[in-house]
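Engineer: Here it is: the structure, laid out below.
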Amino acid sequence: MRIKRFFDFIVSGLALLLVGPFLVIVMFAIYLQDRHSPIYKATRAGKNGKPFVMYKIRSMVVNAETLGGSSTGNADPRITAIGRFVRKYKLDELSQLWNVFTGDMSLVGPRPNTVNDIKFYTQEENELLSIVPGITDFSSIVFADEGAILENKQNPDLAYNQLIRPWKSRLGIFYCKNRSFILDLKLIFLTLVTIVNRSMALSLVQRILLDLGAPDDLVRIASRKESLMPFPPPGMEQIVKAGFGMPL
């Protein structure tokens with residue numbers, strides 16, 4: 001989709017010029033906090049599983065990946081004081097505009113996972129690797145409160161696999177099968193709406209899912225009006241019994 005790449009290139013470039021000065025200030029504050037690089041380079045799986053370096057503004061202590069799992073709740077002690085501000089306002093996502101500018105990511109697409117995590121994808125979930133990953137999609141709006149969902153969970157990675165992954169993957173697969181430039185514009189708009197009125201954004205996501213013929217359970221979960229219960233990921237009949245990186 002050439003128009004998608006052209007749109008990504010122009011919008012990400014303009015956005016970087018607009019928010020760049022503010023991000024520089026935030027990164028300088030992070031550097032002053034512990035005298036370490038404010039940029040976290042995370043290796044992620046791109047289209048067809050090809051690894052790429054995703055740039056994020058660091059919100060956790062140095063070498064945080066060696067101190068815990070890959071899923072993070074709001075109460076995770078690895079998150080720094082400034083990091084809580086970064087996460088609250090999704091500033092670490094804004095830094096990924098550079099990845100969009102260079103073509104490793106798109107503005108809209110399934111969120112990229114680690115190279116190790118995709119080894120545990122089901123055959124159905126492998127469809128998430130069929131297109132370029134993105135900064136936002138249906139699941140980014142529906143699960144914008146992922147940190148709160150995982151907060152105080154004894155095993156955040158397991159909780160992610162049981163509560164979030166099943167629906168996040170389904171929403172991502174649904175996007176892959178129904179993607180269009182118009183849908184991308186709608187999801188970008190709703191991502192911005194989420195910042196000021198999440199309930200309205202969720203309601204509009206439901207409407208889009210209904211119009212596109214999404215399954216009833218996917219539409220229902222997108223409302224986020226009911227508690228999340230353990231559920232199998234697409235392509236599996238049983239609930240996952242371990243976190244990513246461990247036998248399922």
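The values are calculated or read from the model by the stated rules, or taken from the named source; none is laboratory data. Predicted model only: the values in this text are computed from it and were never measured. Quick reminder, even Gly has a Cβ in these numbers, built from the backbone with ideal geometry, and neighbours come from all protein chains shown. Each accessible area value is taken on the protein alone, full model and side chains, heavy atoms only, with ligands, DNA and RNA left out. Shrake-Rupley method; radii C 1.70, N 1.55, O 1.52, S 1.80 Å.
Residues checked against (1) small (G, A, S); (2) out of contact with any strand residue (DSSP E or B) (no Cβ under 6 Å at 6 or more places or on another chain); (3) touching a residue at least 60 places away in the same chain (Cβ under 8 Å):
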position: S95; (1), (2), (3): yes, no, yes
position: T102; (1), (2), (3): no, yes, no
position: E127; (1), (2), (3): no, yes, no
position: A148; (1), (2), (3): yes, yes, yes
position: D157; (1), (2), (3): no, yes, yes
position: L163; (1), (2), (3): no, yes, yes
position: L171; (1), (2), (3): no, yes, no
position: F181; (1), (2), (3): no, yes, yes
position: N197; (1), (2), (3): no, yes, no
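Engineer: Kindly list the number of the only condition in (1) in a helix (DSSP H, G or I); (2) open to solvent by less than 30 Å² (accessible area, probe 1.4 Å); (3) modelled with pLDDT of 95 or more that fails for I131.
Structural biologist: So I131 meets the others, but not (1).
Engineer: Counting only residues that are in a helix (DSSP H, G or I) and not acidic (D, E), which one in the range 28-39 is least open to solvent (accessible area, probe 1.4 Å)?
Structural biologist: Here is the first cut: in the range 28-39, the residues in a helix (DSSP H, G or I) are 28-34.
In the following step, the residues that additionally are not acidic (D, E) were identified as 28-33.
Details: F28: 120, A29: 38, I30: 2, Y31: 95, L32: 81, Q33: 70 Å².
This residue is I30.
Engineer: Additional query: What number of residues in the range 104-122 are surrounded by fewer than 17 Cβ atoms within 10 Å (Cβ to Cβ) and in contact (Cβ under 8 Å) with a residue 40 or more places away in the chain?
Structural biologist: As a first pass, look at the range 104-122 and keep what is surrounded by fewer than 17 Cβ atoms within 10 Å (Cβ to Cβ): 115-116, 119, 122.
From what is left, the residues that are in contact (Cβ under 8 Å) with a residue 40 or more places away in the chain are 115-116, 122.
Summing the residues that are surrounded by fewer than 17 Cβ atoms within 10 Å (Cβ to Cβ) and in contact (Cβ under 8 Å) with a residue 40 or more places away in the chain in the range 104-122 gives 3.
Engineer: Restricting attention to helices (runs of 4 or more DSSP H) lying wholly within the range 172-224, give those where 1 or more residues are over 19 Å from the mean Cα position of the chain (by Cα), among the polar types (S, T, N, Q) and at pLDDT below 95. Explain how you work it out, then say what you get.
Structural biologist: Details: elements: 181-196, 198-211, 216-222.
Fully inside the range 172-224 and qualifying: nothing.
Engineer: Same structure again: Of the conditions (1) over 24 Å from V132 (Cβ atoms); (2) in a helix (DSSP H, G or I); (3) free of Cβ contacts under 8 Å to residues at least 24 places away in the same chain; (4) out of contact with any helix residue (DSSP H, G or I) (no Cβ under 8 Å at 6 or more places or on another chain), Q238 clears all except one; give me its number.
Structural biologist: Failing condition for Q238: (2).
Engineer: Scanning for something open to solvent by less than 50 Å² (accessible area, probe 1.4 Å) and aromatic (F, W, Y), does the range 175-198 turn up at least one residue?
Structural biologist: yes
Engineer: Of I25, I79, which residue is at pLDDT below 95 and open to solvent by 70 Å² or more (accessible area, probe 1.4 Å)? Spell out how you get there, then give the answer.
Structural biologist: On the way: I79 fails: open to solvent by 70 Å² or more (accessible area, probe 1.4 Å).
None of the others qualify; the one that does is I25.
Engineer: Residues of the range 40-51 being loosely packed, with under 14 Cβ neighbours inside 10 Å and among the charged types (D, E, K, R), which ones?
Structural biologist: K41, K50
Engineer: Anything in the range 136-155 that is of a type outside the set (S, T, Y), open to solvent by less than 30 Å² (accessible area, probe 1.4 Å) and assigned to a helix (DSSP H, G or I)? List them, or say none. Break it down stepwise before answering.
Structural biologist: Residues of the range 136-155 that are of a type outside the set (S, T, Y), as a first pass: 137-138, 141-155.
Checking which are open to solvent by less than 30 Å² (accessible area, probe 1.4 Å) leaves us with 137-138, 141-144, 147, 149-150.
Listed by number, the residues that qualify are F138, I141, V142, G147, I149, L150.
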